[in-house]
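The values are calculated or read from the model by the stated rules, or taken from the named source; none is laboratory data. What you see is a predicted model, and the numbers here were worked out from it, not measured in a lab. Heads up, the Cβs are rebuilt from the backbone with ideal geometry, glycines too, and the neighbour counts pull from every protein chain shown. These area figures cover heavy atoms from the full protein model, side chains too; ligands, DNA and RNA do not enter into them. Shrake-Rupley method; radii C 1.70, N 1.55, O 1.52, S 1.80 Å.
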Amino acid sequence: MADKNTVEKFLDNNPQFAKEYYDKKVKADVITAAFNNQVQVKDPASYNDVTTIQEAEFIFDLIKGMIALLIQADRCSYFGSRARNGIPELTTVLFDVSHNSPFEKNLVDSTAEIVFPTDMGIVGWTAHSKKPNIPRNVLLWSASKVFEELTDIERQFHKALYTVRTYLKCERYSVGLLDMTKEKEFFDEWPIKLGEQEPYKGPKTPDGREINFYKLIDYLLEDKEEIKVIPGPPADHWALVSGLPTYVAENGFICNMMNVGADDYFTFQKEAVDETGWKIKNVLSLPIVNKKEEIVGVATFYNRSDGKPFDENDEQITEALTQFLGWSTLNSDTYDKLNRTEWKKDIAQEILMYQTTATLNDVQTILNTQDKFGSAPEDCDQKEMYKLLRSNIPDAKKVELHEFRFSDFPLSELELIKCGIRCFFELGVVEKFKVPAEILTRWMYTVRRGYRDITYHNWRHGFNVGQTMFALLLTGKLKKYYSDLEAFAMVAAGFCHDIDHRGTNNLYQTKSLSPLAKLHSSSIMERHHLEYSKTLMENENLNIFQNLQKRQFETVQHLFEVCIIATDLALYFKKRTMFQKIVEAVEVMPEEKDKINYISNNATRKEIIMAMMMTACDLSAITKPWEVQSKVALMVAAEFWEQGDLERTVLDQQPIPMMDRNHADELPKMQCGFIDFVCSFVYKEFSRFHTEIIPMFDGLNINRGEWRALADVYEAKMKAIEDEKKRLEGGGGQGERRCLQSKALPQSSCSFCICIVNFPLTVFLICSFYRSRWREFKDMRYLLDLQFMNVCLDVYLYSVCVCAQACVHR
Ligand SMILES: [Zn+2]
C-alpha cells in the first residue's frame, strides 16, 4: 500500500490525472455525504422548503470549509433568491455561520428571515444582474482600512468600483471625489472677505461648484492589488497634475487619451508615479454624474491591460459603470431626502411633545393685565402694558444684571425670565422696535420652556449666556460697534443658543444615530438650537421681531445663525487668529473714532467679534467668582459623566476621561487644561481689546489658581500612594507596570473582508473579521453602523453589523 507521501508525489507529477479524478470523484462524494446527513425539514408540505434546506445544508458545509481553509473568515451568511408574486427577492437562508456554529443555529427560520428586493444593495445588484462573465471563483473584497477612511457616499463608489473591477481591463484606475457644497459657510467666507485668502478664480463644474477633489481613491490592479485613499490630494498629485480630471469635471466630457506622451494639451507625469515604477501610457477619463445631473466625481482608467489604447468598447463599458455609480448615489440621495422629511417630522413632534408655548396663565404671572386692568393683553393699551411690565420685573442694579460677576443662583427660574425681559428694556430695543409687551413676555417664557431640565445645559445656562452678552455690550462697551437692532438680535440669540439641549454633545448625536445627526452633518446641536429659535420666530404669537421691515428681519435671522453656530467650539479655532488680528490692528490706532470705523463699517469684522463674544458668553462661568465657578464646573462635569454613562450602557463604548466619572478626581487638572488651551485666549484678547472686560480675565486667573491648588493636592495624594506602594513592594513597581501592559490586547491591525460568490441562482457573502484590536474594532463597528443606517436595506452591511456585534459581545 502506498503511503501518504507517495500518493502526494504521484498527484503532483500527474496534474491532469489529479484534476480528472477530483472532478469526477470528490465532487460527487462531497455531495453524497452532504445529502446523507439528516435533513431537518420544518414543513414537509412545502417542496420548496425541502430543497432549500437541503441546499442550505450542502452550502453550510461548503461555507464552513471555506471559512476554515480558503479565506479564514469568522462569519458568513448565505442568501437564496426566489420570486413572490412574480417579483424577485433575496432571503436569508443561513445567517452568521462561523467555523464551529451548529447548522440548526444558522438556518434561518421562515419567520425570522430577512427579505430584501433585488434592486437594492450590492447583494441585490449582484443577484439581479447575474452577469454571465462574473468569474466563478471568489472575488475578495479586501477593503480593510479603506472602508474606514470613506464616508457613506464614498463607500457606495468604492463598493461599486471594487465589485466590477475585474471587467476593467486596465492596470490602474483612480476616482477623484468632488466637493458637493455649493455655498460656503459664513465662517469660511470670512478669510476671503477680509482679503486674507484669494477668492476662488479656478474652473467650476457646470452647476457652479468650485472644482475641489477632496479625496482620491487609487486602485492598483497589477500584481498584488492595492487600494489607496488620499484625502486632500495636492494639486501636483500624479493623478491630478495633468489637469485632465479637472477638465472632465468642468465640461462633463469623456476623454480618451490614446497616447499620453504625445498629448500637448494635458501634461501627464512622464516618470514613474511611485516606487513600483509604474508609468502612464494611455488614459480614459469620465465624469460620474448623479441623477440631478451634477458631476460628483471623475473616474480615470490607466493603461489597458493588453498595452493597446482604450477603444470605443471600453468607453461604453466604463460609461455604463459610471452611470451605475451615479445611479447608486441617486439611490442614497433619494433615500436621504425621503427620510429627511420624516426626521424633521420626528423632531418637530418631539419638540411639541416635550413642551408647548407659554400659556395665557404663564404670561399673566408676569404681565398681570387681568389683575390690574381686568382685561386680556390684546384689549390693553401698549404704553400702559409697558409700564406694567417694567414695574413687574426686577431692577437691573438690584440683581447686578450689568455685572460680569452676575450669578443666577439667588434667583428663581421665573425671576430669570423677568430678568431677560429687563435686558431688552435696558438696551432700549422694546419700544424702538415696537415689540408688543405680551409677545415679549410670551417669547421669553417660551424660550425658558424650550430648555429641558437637565443638569447643565438648562434654562439657567441659556439665561447666563444672554446676560453675559448684554454685559459685554453695555459694561464691556462693545455696543459701540453695533446697531441697536444687532444688539437686540445678539442678546436674544444668547438666550436661545442652547435651546432644547439634551445634555449630550455633537459626537454623541453622531454615534447614537440620533434623528438630529441625520438632519445636520456638522454643528449638529447648534443647528438644532438655531432651527428651534427660528421656529419660534415663525410663530406670530411669539415673534418679537414681528414689527421689523423685511430687510431688518433677514439681518436678525443671519445674526442668529452667526451667533448660535459660533457656539460650536469646533469653530473656535477657525476664528481665533482672525479675531486676534482685529484686536492687534485696533490696538495701534490712536483715535477712538478710527477704531469704531474700522469695525462697525466692516460686516465681517463685526461678525468675527460677535462670534467670539458668543464663545466668551458660553464659557463665562469660568470667569465667575470661585463660589459660583466651583459649583458650575461640577454641574458641567456631572452632565459629561451622564453622557459617559450613556456611552457605556447604550453605545457600549468607553467614554473619554473627561466624561468618565471614574476620573472625577482629575477634574481640577482638566479644568486647568481647559483654561489654558481654550479659555485663556478668549478673555485675554477681550481684555486687551477693551479694558472694561479685564474683570472677566481676572476672575479666570483667580479660578485657575484655585483649580491648580486642588490639582496639586490630588497629585500629591496620588504620589504619596504611589511611593507607599513602591516602598511596600520593594521595587515591585516594575512588576505592576508589566501587569498593566499585559492587559492590553496584542498589537495588530484591524481588518475585515467580504466575499461575493455568484451561483446560478444564489448569492452569498462571507464576512470575516480578524486580528481586531479592541478599540479599533469598536470604532469600525460604529462606522459600519452608520453605513448601515444609510443604506438601510443593504443586507451586505447588515450582516457585517451583526457579525461585528457578535464578535464584540463574545
Ligand atoms: Zn451654551
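Worth pointing out:
- Qualifying residue in segment 395-402 (condition: basic (Lys, Arg) and within 22 Å of Cys563 (Cβ to Cβ)): no
- Taking segment 445-563 and the helices (runs of 4 or more DSSP H) fully enclosed by it, the elements with 3 or more residues that are among the aliphatic types (A, V, I, L, M) and open to solvent by less than 40 Å² (accessible area, probe 1.4 Å) are at 459-474, 484-496, 515-519, 524-538.
- Residue check for Lys575: open to solvent by 80 Å² or more (accessible area, probe 1.4 Å) and closer than 29 Å to Phe433 by Cβ: no
- Within segment 404-424, considering residues that are of a type in the set (Phe, Trp, Tyr) and either open to solvent by 10 Å² or more (accessible area, probe 1.4 Å) or outside any helix (DSSP H, G or I) (or both), the one nearest to Trp459 (Cα to Cα): Phe409
- Taken over segment 592-611, the criterion of being under 34 Å from the mean Cα position of the chain (by Cα), surrounded by 15 or more Cβ atoms within 10 Å (Cβ to Cβ) and assigned to a helix (DSSP H, G or I) is satisfied by Thr604, Arg605, Lys606, Glu607, Ile608, Ile609, Met610, Ala611.
- When Tyr572 is tested against the conditions (1) more than 16 Å from the ligand (Cβ to nearest atom); (2) assigned to a helix (DSSP H, G or I), the lone failure is (1).
- Identity of the residue in segment 199-228, buried (at least 17 other Cβ atoms within 10 Å of the Cβ) and assigned to a strand (DSSP E or B), that ends up nearest to the chain's Cα centre (by Cα): Lys215
- Just one of the numbered conditions (1) more than 16 Å from the ligand (Cβ to nearest atom); (2) open to solvent by less than 10 Å² (accessible area, probe 1.4 Å); (3) more than 17 Å from Gln546 (Cα to Cα); (4) in contact with a Leu (Cβ under 9 Å, 6 or more places away or on another chain) is not true of Val430: (3).
- In segment 237-255 there is no residue matching the filter, namely being more than 25 Å from Thr181 (Cα to Cα) and either open to solvent by 50 Å² or more (accessible area, probe 1.4 Å) or among the hydroxyl-bearing types (Ser, Thr, Tyr) (or both).
- Looking across segment 438-471, just one residue is among the small types (Gly, Ala, Ser) and at pLDDT below 95, and that is Gly450.
- Cβ pairs under 7 Å, 6+ apart, first in segment 675-704 and within 15 Å of Met613 (Cβ to Cβ) and open to solvent by 70 Å² or more (accessible area, probe 1.4 Å), second in a helix (DSSP H, G or I) and of a type outside the set (Phe, Trp, Tyr): Arg688/Val583; Arg688/Glu587
- Residue in segment 297-319 that is nearest to the chain's Cα centre (by Cα), counting only those that are closer than 29 Å to Lys204 by Cβ and of a type in the set (Asp, Glu): Glu319
- Options Lys344, Lys383: the member that is open to solvent by 70 Å² or more (accessible area, probe 1.4 Å) and modelled with pLDDT of 90 or more: Lys383
Each row is one residue, and each column tells you yes or no for (1) over 14 Å from Val632 (Cβ atoms); (2) within 16 Å of the ligand (Cβ to nearest atom); (3) charged (D, E, K, R).
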{"site": "Thr446", "(1), (2), (3)": "yes, no, no"}
{"site": "Tyr456", "(1), (2), (3)": "no, yes, no"}
{"site": "Val465", "(1), (2), (3)": "no, yes, no"}
{"site": "Met469", "(1), (2), (3)": "yes, yes, no"}
{"site": "Leu472", "(1), (2), (3)": "yes, yes, no"}
{"site": "Tyr481", "(1), (2), (3)": "yes, no, no"}
{"site": "Leu485", "(1), (2), (3)": "yes, no, no"}
{"site": "Phe488", "(1), (2), (3)": "yes, no, no"}
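- Looking only at residues in segment 495-523 that are within 14 Å of the ligand (Cβ to nearest atom) and β-branched (Val, Ile, Thr), the one that is nearest to Ile421 (Cα to Cα) is Ile499.
- Condition check for Leu401: assigned to a helix (DSSP H, G or I) and not polar (S, T, N, Q): no
- If only residues of segment 552-571 that are among the charged types (D, E, K, R) and in contact (Cβ under 8 Å) with a residue 24 or more places away in the chain are counted, the one that is nearest to Val678 (Cα to Cα) is Asp568.
- Of the helices (runs of 4 or more DSSP H) entirely within segment 618-697, those holding at least 2 residues that are of a type in the set (Lys, Arg) occupy 626-649, 680-689.
- Some residue of segment 263-274 being touching a Pro at 6+ places or on another chain (Cβ under 9 Å) and on the phi < 0 side of the Ramachandran plot: no
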